[in-house]
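See below for the structure under consideration.
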Amino acid sequence: MMLLSGTANRPLAEQIAAELEVPLCSVTIDRFADGEIFVRIDENVRGRDVFIIQPTSAPAENVMELLLLIDAAQRASAARVTAVVPYFGYARQDRKDQPRVAIGAKLLANLIVEAGADRVVSIDLHQHQLQAFFDIPVDHLYALPVFVAHYETRHLDPLVVVASDVGAAKMARGYARRLGGEMAMIDKRRPAPNVSEVATVVGDVKGKNCLIPDDMIDTGGTMVGAVHALKEKGAEDIFICATHALLSGPAVERLSGLPVKEVTVTDTIFVPEEKRWPGLRTLSVAKLLARAMYFIHDNESVSSLFE
Ligand code: R5P
């Protein structure tokens with residue numbers, strides 16, 4: 001088993017390596033003078049089971065690094081190359097919902113497969129169906145057990161798990177079932193990309209603690225709308241959790257000013273110091289990924305990780 005990391009989230013890769021007690025393979029990632037990316041795997045990977053850890057969060061160079069590392073591993077005769085993509089960026093572009101738009105998620109899946117990946121591991125894909133965009137096996141993990149273990153210590157009763165939009169309903173149901181709460185839903189509309197409007201709250205939240213799980217927080221607009229709508233309906237304490245902390249544009253300013261108990265994210269994407277505030281808590285998915293990688297390497301089932 002060999003672990004390689006791009007530069008997108010080296011701290012996560014180091015934690016995974018520590019969990020597996022396998023050192024990270026030495027890799028040179030450099031730039032030509034014009035910015036072109038150069039990668040070289042500095043150790044022999046011939047016949048090895050290679051795992052390349054790299055989320056495809058912005059900037060797009062992260063995607064290019066991943067593709068180059070996959071290509072380098074294949075050309076160096078690795079026995080199997082698994083792309084460990086904790087956050088699969090471009091996933092929101094998963095259909096042609098307007099004339100003349102690209103299907104970015106399919107394109108990225110094609111690129112990863114074409115580069116030579118034999119397998120993909122990811123967490124909380126924006127849509128479960130994205131697995132079908134790859135003609136190779138995909139192990140789709142959920143951050144839910146990591147969040148549930150955290151919230152079980154929080155005594156949230158009486159709890160309502162609130163889906164921030166229709167797409168998040170299945171995820172919210174999973175949290176409600178595991179944490180023992182009721183469910184509510186926000187009727188959200190998107191007049192433009194990254195602009196969200198709350199139409200109404202479906203369900204009773206008055207006097208209840210609310211947990212709003214989502215797959216990602218980008219600009220924070222969805223959460224701001226949801227929190228204000230829930231407060232207006234008389235919600236007690238509000239907790240926000242999201243797997244992927246994109247935290248772009250005004251997100252930090254918006255979220256740090258919200259009347260919520262806690263904003264909890266995972267480390268699928270590296271959150272730099274300047275994007276952290278006291279109310280932000282980061283849970284690690286390193287153990288989850290490490291166990292999945294161990295099971296894959298050992299040809300064992302990964303389904304125990306959904307418990
Ligand atoms: C929407 O489908 C997603 O699950 C998130 O709710 C959304 O992408 C978050 O974006 P923002 O933070 O910009 O509202």
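The values are calculated or read from the model by the stated rules, or taken from the named source; none is laboratory data. No experiment lies behind these values; they were computed from the predicted model shown. Every residue, glycine as well, gets a Cβ built from its backbone with ideal geometry; the counts of neighbours run over all protein chains shown. Accessible surface areas use protein heavy atoms only, side chains included; no ligands, DNA or RNA. Shrake-Rupley method; radii C 1.70, N 1.55, O 1.52, S 1.80 Å.
Can you tell me which residue is farthest from residue 259 (Cα to Cα) among those in segment 193-209 that are within 16 Å of the ligand (Cβ to nearest atom) and open to solvent by 40 Å² or more (accessible area, probe 1.4 Å)? If we take residues in segment 193-209 being within 16 Å of the ligand (Cβ to nearest atom) and open to solvent by 40 Å² or more (accessible area, probe 1.4 Å), then 193 is farthest from residue 259 (Cα to Cα).
Among the residues of segment 177-191, are any near the ligand (Cβ under 9 Å from one of its atoms) and open to solvent by 70 Å² or more (accessible area, probe 1.4 Å)? Yes.
Summed over segment 86-121, the residues that are open to solvent by 40 Å² or more (accessible area, probe 1.4 Å) and either within 14 Å of the chain's Cα centre (by Cα) or among the hydrophobic types (A, V, I, L, M, F, W, C) (or both) give a count of 8.
Looking at segment 122-135, is at least one residue within 16 Å of the ligand (Cβ to nearest atom), open to solvent by 30 Å² or more (accessible area, probe 1.4 Å) and in contact (Cβ under 8 Å) with a residue 60 or more places away in the chain? Checked against the condition, which is being within 16 Å of the ligand (Cβ to nearest atom), open to solvent by 30 Å² or more (accessible area, probe 1.4 Å) and in contact (Cβ under 8 Å) with a residue 60 or more places away in the chain, segment 122-135 yields at least one hit.
Residues of segment 245-262 include none that is within 15 Å of the ligand (Cβ to nearest atom) and within 15 Å of residue 172 (Cα to Cα).
When residue 228 is tested against (1) open to solvent by 50 Å² or more (accessible area, probe 1.4 Å); (2) in contact with a Gly (Cβ under 9 Å, 6 or more places away or on another chain), just one condition goes unmet, and that condition is (2).
Scanning segment 210-225 for residues that are surrounded by fewer than 23 Cβ atoms within 10 Å (Cβ to Cβ) and of a type in the set (A, V, I, L, M), which turns out farthest from residue 261 (Cα to Cα)? Taking the candidates together, the pick is 216.
Modelled with pLDDT under 95 and either within 16 Å of the ligand (Cβ to nearest atom) or of a type in the set (S, T, N, Q) (or both): does that describe residue 275? Spelling it out, it is not the case that residue 275 is modelled with pLDDT under 95 and either within 16 Å of the ligand (Cβ to nearest atom) or of a type in the set (S, T, N, Q) (or both).
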